[in-house]
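Before any comments, here is the structure.
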Amino acid sequence: MSPVCGRPLFGRTVLVTRAADRAGEFTSLLEAQGARVLECPTIRLEPAPRAELDAALENLADFDWLILTSASAVQFFFARLRELGLDARTLAGCRICAVGPKTAAALAAHGLRADLVPSDHKGEGVVAAFADLAPKGARVLFPRADKARDVIPEGLAALGARVDAPLLYRNVAPDALPAPALEALEAGELDWVAFTASSTAENLAAMLGAERLKRLLDGVVVAAIGPIAASACRRLGLEVSVEPEVYTLEALTDALIRFFSGRER
């Protein structure tokens, strides 16, 4: 089906890589533009071993700051609090940094307002935001994913903060790809593929094999939600054609519309 004038995504087939528990939002945005969406979970999140995390959660009063970098981090953090018989009241003396608007919204669902939401949603942006706060001597809790970069703990430590960074959850690849997604890849039916995190690209390459992934995506437009995801794609030998300046699903959708609008001219 050819794109309709004024709706550059209409009829185009997209493979959306995502976490297994994050269905719906991006698909809805794209389908509203007429795209045919094939969802492809390439991340499964599961709790990490908890001894170090539990020790921090049971002593939250000792921390000046809590940093949560994703809606998933919020989910796992508060789930473990509940399992320990604790609740949001334990954070009464702790300020909270939420990385990105989706994280801040997930925090608000628990009745808490973020004290800091850096304008740059990368680890470097978090460190830069804290630099303005002179955090020397502050004790910071950074519950993290197993594949998180070390930018935040190392950067804050360099500023003089004392950072505890226990594992919160693990990022693992699912056992298999959905059959419709794999069939579309092998049949060359895709117009573009969207990577919504660096791990979605890395895990897809691990499941298919890096060389096979490059072959299957030959001629397919590659979109990445931000510079970290884009860097992961390039390390895998993929050419990134679409990368929004703001790292949100809405901005990625807008960037795709602009990209394909340019192709129609």
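Dipole magnitude for region 28-139: computed about the Cα centre from +1 point charges on Lys and Arg Cβ and -1 point charges on Asp and Glu Cβ, it is near 140 debye.
Put a plus charge on the Cβ of each Lys and Arg, a minus charge on the Cβ of each Asp and Glu, and nothing anywhere else: the dipole of region 115-265 about its Cα centre is then about 440 debye. Along its principal axes, region 214-265 has C-alpha extents of 27, 25, 12 angstrom, given from the largest down.
Listed values for region 108-115 are Karplus-derived 3J(HN,Hα) couplings in whole Hz (6.51 cos²θ - 1.76 cosθ + 1.60, θ = phi - 60°), namely 4, 5, 9, x, 10, 9, 5, 7, and x replaces Gly and Pro.
FRET efficiency for the pair ALA134 and ASN59, taken as 1/(1 + (r/R0)^6) with r the Cβ-Cβ distance and R0 = 25 Å, rounds to 0.55. Among the lysines of the chain, pairs at least eight places apart or on separate chains and with Cα atoms under 25 Å apart come to 5.
Here the chain is assigned +1 on the Cβ of each Lys and Arg and -1 on the Cβ of each Asp and Glu. Its dipole about the Cα centre then comes out at about 200 debye. Rounded to the nearest whole angstrom, the semi-axes of the ellipsoid equivalent to region 176-265, taken from the Cα gyration tensor as √(5λ), stand at 21, 16, 11, largest first. Spatially, region 186-230 and region 74-128 are offset by 30 Å when compared through their Cα centroids. Which whole-number percent gives the relative contact order of the chain, counting Cα pairs below 8 Å spaced six or more residues apart? Over the chain, the number comes to 21 percent.
Here the Karplus relation 6.51 cos²θ - 1.76 cosθ + 1.60, evaluated at θ = phi - 60°, turns the backbone of region 247-258 into coupling constants of 8, 10, 5, 5, 5, 5, 4, 4, 5, 5, 4, 5 Hz, with x for every Gly and Pro.
In the calculated pair distance distribution of region 123-200, what percentage of Cα-Cα distances lie above 13 Å? Cα-Cα pairs in region 123-200 separated by more than 13 Å: 75 percent. Highest average first, the peptides 164-171, 53-60 ordered by how many other beta carbon atoms sit within 10 Å of their residues are 164-171, 53-60.
Any idea what diffusion coefficient region 194-233 gets from Stokes-Einstein, in µm²/s, Kirkwood Rh on alpha carbon pairs, 20 °C, 1.002 mPa s?
Working: Rh = 10.1 Å.
The calculation lands on 213 µm²/s.
A short reminder: the numbers here are calculations on the coordinates, not readings from a lab. Quick caveat, the model's predicted, so the values are computed rather than measured. Heads up, the Cβs are rebuilt from the backbone with ideal geometry, glycines too, and the neighbour counts pull from every protein chain shown.
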